[in-house]
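Comments concern the structure below.
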Amino acid sequence: MKKAVRSAVPAQKPVGAAENPGGAGKMRLTAKPGSTRRIKRFVETDKSKRVMSPLEAEQRHLELYGISSGSSRRQNMRSKRLKARRTISLSPAPKPVTAGREGASGTFRELRNFWVNYFRRIDFVFLALVLVIAVIGILAVHSGSMTEPSHRRIDLLQCTAFVLGIGAVVLLPLFDMSVAMKHWKWIYIANVVLLLFTLVFGYSPTGEENKSWIDLGFTSIQPAEFSKIMFIITLSAHLSKIRERLNSLLTLLGVFLHGGSIIGLVLLERDWGNGLVFIVIFVTLVFCAKIDWKYIALCIGAVVVAFPVIWENLGEFRKRRVLIGFNPELDPLGYGHQVIRSRNAIASGGLLGQGYLKGETIHKAGGLFAQHTDMVFAVIGQEFGFVGSALFVVLYGLLIGRIIYIASKAGDYSGLYIGCGVAGMFIFQFIINLGMALGLTPVVGITLPLVSYGASSLVSMYAALALVMAVHSGSKGYSYRSV
């Protein structure tokens, strides 16, 4: 054992060391029991204080705590350490949440928050206008179809389309329309296939020259009505993709190829009325995309130059129908008869009308042809008079204005174009249909949206309004995202 080193300076009293009441010669500990490495022990004598060597400190530690030397020394020291360790108390694990009252209340709270957020996506002004106009349409179709043998079936289909259409308008905001916008090319291909199928297998239920209907056995549909909605979606997505380079010549040619292919297929089916609607949708969307004015002037010039050529090749039959449409008195017993009867029915309504279900012309057998489809406005005019007709026109104007307002507040360009396309379609069909009933425009078979009977027309119009509601939902920052 080495000799202990004496310190020239007396050892300082360790901080926190407790005084031993036993007096001189007794040891004070500065560390916890059981620590045997680098331990300093101080022995107080009557004359001096000296620092013990590590070996002496360890030996003294063993003597004080009664630890014997030998092989069992390490085991004893380990047991001392274990005794000196702090014990840890463990609390029981929390119980898992069970489906009790708390779970039920949490589920109810989540459902409540879901529906609260959902109803924030709804434009209730827009929805109220749609409901009022649709109900007016149901009443007018019911009155106008009373002389039809299948009037009950007509009422059933009208009400069914109303329920399904309003459901689509209300529920479509729950879905993310950006998925459809991103896959617009596939929708365009489906649209072309649908129109080609109609061109090959289509027929006319009235025996005319057009081939725009498909017989499903239990009913017939007009695919061009559904094609309008797909056309609005695809062209809106296309324009939103290339809006920054729209006025590039190659890009503009691609846009005209997109629109021209769809419009051309509809015209090949000889569906002139819907062909005009497609042209209006295309012109509206391209104009809203801010096409350069030089291209607009070029298109107008091309139409002016081509019109005489088109008119000369139109044929005498079609020329006569167009002229009679503007002046029904040219053929009062033929093609002008329907328009003259419609105009007289509206005039006989007077200021307040003849009363619901009391129209003389409407409820007389053979009084007016297509009074629940193309000429449904004559029913409104005769039974509700000038006041009712004016109120109906005001409501329709408010609906179109609301569509334009929603489009102006859209959160992206695709939403803007969709709203403008739907607004353009409604404006054109509304003006042409009222013009047919009043004898101001040719009869081209264009329905009055939300009012005229026809499953295909009603479904397509409700689908268009559902798209507008989805645009509103996107402007509120919920589901509709930019392409």
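The values are calculated or read from the model by the stated rules, or taken from the named source; none is laboratory data. Computed from a prediction, not measured in an experiment: that's the story for all the values here. Here the Cβ is made from the backbone with ideal geometry for all residues, glycine too, and neighbour counts use every protein chain on show.
Considering the conditions (1) over 26 Å from the mean Cα position of the chain (by Cα); (2) in contact (Cβ under 8 Å) with a residue 40 or more places away in the chain, Met461 is excluded by exactly one of them, (1). Being farther than 20 Å from Trp272 by Cα and touching a helix residue (DSSP H, G or I) at 6+ places or on another chain (Cβ under 8 Å) is the filter; apply it to the range 300-333 and report the residue that is surrounded by the most Cβ atoms within 10 Å (Cβ to Cβ). Ranking the qualifying residues of the range 300-333, first place goes to Asp331.
Within the range 373-392, the set of residues being of a type in the set (Val, Ile, Thr), closer than 16 Å to Leu450 by Cβ and not in a loop (DSSP other than H, G, I, E, B) comprises Val376, Val379, Ile380. If only residues of the range 248-266 that are in a helix (DSSP H, G or I) and hydroxyl-bearing (Ser, Thr, Tyr) are counted, the one that is farthest from Val192 (Cα to Cα) is Thr251. The residue list Val444, Val471 contains one member that is under 29 Å from Arg153 (Cα atoms) and among the hydrophobic types (A, V, I, L, M, F, W, C), which is Val444.
Only residues that are more than 30 Å from Val387 (Cβ to Cβ) and either touching a Ser or Thr at 6+ places or on another chain (Cβ under 8 Å) or assigned to a helix (DSSP H, G or I) (or both) were counted in the range 297-350, giving 26. On the stretch given as the range 267-284, residues that are assigned to a helix (DSSP H, G or I) and either in contact with a strand residue (DSSP E or B) (Cβ under 7 Å, 6 or more places away or on another chain) or of a type outside the set (A, V, I, L, M, F, W, C) (or both) total 4.
Confirm whether Val309 is out of contact with any Lys or Arg (no Cβ under 7 Å at 6 or more places or on another chain), of a type in the set (A, V, I, L, M), in the same structural domain as Tyr203 (by TED's automatic domain parsing) and at negative phi. Answer is yes for this residue. All of (1) surrounded by fewer than 16 Cβ atoms within 10 Å (Cβ to Cβ); (2) more than 19 Å from Gly359 (Cβ to Cβ); (3) not aromatic (Phe, Trp, Tyr) hold for Leu172 with one exception: (1). Arg402 - would you say it is closer than 30 Å to Ser240 by Cα, among the basic types (Lys, Arg) and outside any loop (DSSP other than H, G, I, E, B)? Yes: the conditions hold for Arg402. Screening Lys182, Lys211 for residues that are within 30 Å of the chain's Cα centre (by Cα) and either among the basic types (Lys, Arg) or outside the structural domain of Ile242 (by TED's automatic domain parsing) (or both) leaves exactly one candidate, Lys182. Scanning the range 362-414 for residues being among the aromatic types (Phe, Trp, Tyr) and over 30 Å from Leu239 (Cβ atoms) gives a total of 5. Scanning the range 252-291 for residues that are surrounded by fewer than 12 Cβ atoms within 10 Å (Cβ to Cβ) and more than 14 Å from Leu235 (Cβ to Cβ), which turns out farthest from the chain's Cα centre (by Cα)? Per the criteria, the residue is Leu253. When every residue of the range 345-356 is checked against the conditions, at least one turns out to be surrounded by fewer than 19 Cβ atoms within 10 Å (Cβ to Cβ) and either within 20 Å of the chain's Cα centre (by Cα) or touching a residue at least 60 places away in the same chain (Cβ under 8 Å) (or both).
Take Val387 and tell me if it is assigned by TED's automatic domain parsing to the domain that holds Ile138, touching a residue at least 24 places away in the same chain (Cβ under 8 Å), buried (at least 24 other Cβ atoms within 10 Å of the Cβ) and hydrophobic (A, V, I, L, M, F, W, C). So Val387 fails the test.
Just wondering, is there one or more residues in the range 122-143 that are modelled with pLDDT under 90, surrounded by fewer than 18 Cβ atoms within 10 Å (Cβ to Cβ), small (Gly, Ala, Ser) and on the phi < 0 side of the Ramachandran plot? Scanning the range 122-143, I find no residue that is modelled with pLDDT under 90, surrounded by fewer than 18 Cβ atoms within 10 Å (Cβ to Cβ), small (Gly, Ala, Ser) and on the phi < 0 side of the Ramachandran plot, so the answer is no.
Residue by residue, here is whether (1) closer than 19 Å to Ile279 by Cα; (2) free of Cβ contacts under 8 Å to residues at least 12 places away in the same chain; (3) not in a helix (DSSP H, G or I) holds:
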site	(1), (2), (3)
Val193	no, yes, no
Leu196	yes, no, no
Glu209	no, no, yes
Glu225	yes, no, no
Lys228	yes, no, no
Leu235	yes, no, no
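Is it the case that some residue within the range 241-260 is over 20 Å from Ala455 (Cβ atoms) and among the hydroxyl-bearing types (Ser, Thr, Tyr)? Among the residues of the range 241-260, at least one is over 20 Å from Ala455 (Cβ atoms) and among the hydroxyl-bearing types (Ser, Thr, Tyr), which makes the answer yes. Within the range 418-427, does at least one residue satisfy the condition of being modelled with pLDDT under 95, of a type in the set (Phe, Trp, Tyr) and within 28 Å of the chain's Cα centre (by Cα)? No, the range 418-427 has no match at all.
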